[in-house]
Structure formats: structure tokens, C-alpha cells
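These notes are about the structure you will find just below.
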Amino acid sequence: MRSAFHEIPLATLFPFLSPAAVDSMQQTVSSVDAARAGGGAAGWEWDPKHAASPGPQPWTLTVLGLDVIEDAAGGDQVEFQLQAVWTDRGRLAVDAAVNVACWCDTDHAGHDVDALRIEISEENPLPEAFRMAARRLTGWLAEPHDADHWRAEARLPARPAR
């Protein structure tokens, strides 16, 4: 499903959240919306079928996520992400990442050039982890939205000249 953050049933996705925790996450999203190019409320993707822990599995399952994708000529792109996920160990975590299209000799599809994962625990409750990841995301969004910039930062192969 896709909607503005304030329309997401956070109590369904994260039944352990208090009303104050829900308010905290909504305030955090306001800073993300303000940092995004174009402003306005972002379209968040979420899936109530992913609310319960799947237990250990060989993949990451996204509960809630935001992707800000900047496309460029020639199939290039940079993507900024903020997601609440179930890890392959069945633990809830908040991820933030910047990734770019791959221009390696062997196509890997994309590369994370910077990433943050915060597993949820008593020391890192969901609203705090979400706030820390959102702060990282808004910092990245203040940087150039140019895939070549991020590729150079990560010392990845440059996009071929056209």
C-alpha cells in the first residue's frame, strides 16, 4: 500500500507503540518531508501483512518504507531510502541507505554507497531508531542528488561517457 505517513495505521504495523511514540514518528517524518526536494508529504509504502515477525528467513522483509529516487539521463539514478524491516534473523530494524545504479563490468544492479541499520531493542526503541535513521537521511538529502557524486564518494566505477 502507498499513502502519506499520517494515513498509515502505525498501531496495526507496530502494535507495541504508545500514542506518544506514534506522535514522535510523525514529527520525525515532518523533518524528512521538509528535506525532500519538492517538499510536501511523501508517499510511503507499507504492508500490514508484514507487521508480525516472520522469524528467521533468508531475506529482509519491509514493513514500512520511503524511497526517494532521482533519475538521470542514460539510466543512471540515485536512491535515498528509509525503511522499517524484519532482518534475516527475524529482528525489527530501521535502515537508511543511499544507493546508485551500477556501472561495473559485472552488473550488480546497484550499490549502497552509505547505509545505516539500527536494530530495535530496549536501548534503541523504534521511534528513536527511526529518528536517528531519518536524521541520516535528511543529511544525505542535503547533499547533491547526483549519482556521479555518490559514486565518486564510494570510489565506484564511473558512469561510461555517452
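How many residues, within segment 20-32, are under 16 Å from residue 96 (Cβ atoms) and surrounded by 17 or more Cβ atoms within 10 Å (Cβ to Cβ)?
Total satisfying the criteria: 4.
For segment 101-110, check the following and say yes or no: at least one residue is crowded, with 20+ Cβ neighbours inside 10 Å and at pLDDT below 95.
For segment 101-110, residues crowded, with 20+ Cβ neighbours inside 10 Å and at pLDDT below 95: present.
Let me confirm something: among 128, 119, 153, which residue is at pLDDT below 95 and surrounded by fewer than 19 Cβ atoms within 10 Å (Cβ to Cβ)? Let's see the steps before the verdict.
Values: 128 fails: at pLDDT below 95; 119 fails: at pLDDT below 95.
After applying the criteria, what remains is 153.
Return the total of residues in segment 1-27 being under 15 Å from the mean Cα position of the chain (by Cα) and at pLDDT 95 or above.
Counting residues in segment 1-27 that are under 15 Å from the mean Cα position of the chain (by Cα) and at pLDDT 95 or above gives 1.
Yes or no: residue 81 in contact with a Gly (Cβ under 7 Å, 6 or more places away or on another chain) and within 19 Å of residue 115 (Cα to Cα)?
Yes: the conditions hold for residue 81.
Which of the residues belonging to segment 33-56 are buried (at least 16 other Cβ atoms within 10 Å of the Cβ) and in contact (Cβ under 8 Å) with a residue 60 or more places away in the chain?
Listed by number, the residues that qualify are 35, 36.
Before we move on, is residue 86 in contact (Cβ under 8 Å) with a residue 40 or more places away in the chain, surrounded by 14 or more Cβ atoms within 10 Å (Cβ to Cβ) and aromatic (Phe, Trp, Tyr)?
So residue 86 does not fit the description; no.
In segment 28-71, what residues are at pLDDT 95 or above, closer than 13 Å to residue 81 by Cα and in a helix (DSSP H, G or I)?
none
Can you tell me how many residues within segment 1-24 are hydroxyl-bearing (Ser, Thr, Tyr) and not in a helix (DSSP H, G or I)? Please lay out each step first, then the result.
As a first pass, look at segment 1-24 and keep what is hydroxyl-bearing (Ser, Thr, Tyr): 3, 12, 18, 24.
With the extra rule that they be not in a helix (DSSP H, G or I), the set shrinks to 3, 18.
Total satisfying the criteria: 2.
Condition first: under 9 Å from the mean Cα position of the chain (by Cα) and over 15 Å from residue 154 (Cβ atoms). Now tell me which residues in segment 66-82 satisfy that.
Selection gives 66, 67, 68, 81, 82.
Kindly evaluate residue 79 against the criterion of being of a type in the set (D, E, K, R), out of contact with any strand residue (DSSP E or B) (no Cβ under 7 Å at 6 or more places or on another chain) and under 23 Å from residue 13 (Cβ atoms).
The answer is no for residue 79.
Looking only at segment 72-86, which residues are out of contact with any Asp or Glu (no Cβ under 7 Å at 6 or more places or on another chain) and at pLDDT 90 or above?
80, 82, 84, 86
Which of the residues that make up segment 93-135 are in contact with a helix residue (DSSP H, G or I) (Cβ under 8 Å, 6 or more places away or on another chain), small (Gly, Ala, Ser) and in contact (Cβ under 8 Å) with a residue 40 or more places away in the chain?
96, 101, 134
Kindly check whether there is at least one residue in segment 142-152 that is touching a residue at least 24 places away in the same chain (Cβ under 8 Å), outside any strand (DSSP E or B), within 16 Å of residue 35 (Cα to Cα) and within 16 Å of the chain's Cα centre (by Cα).
Yes, segment 142-152 contains at least one residue that is touching a residue at least 24 places away in the same chain (Cβ under 8 Å), outside any strand (DSSP E or B), within 16 Å of residue 35 (Cα to Cα) and within 16 Å of the chain's Cα centre (by Cα).
The values are calculated or read from the model by the stated rules, or taken from the named source; none is laboratory data. Treat the numbers as computed from the prediction; the structure is a model and nothing was measured. Note that we place each Cβ from the backbone using ideal geometry, even for glycine, and neighbour counts take in every protein chain shown.
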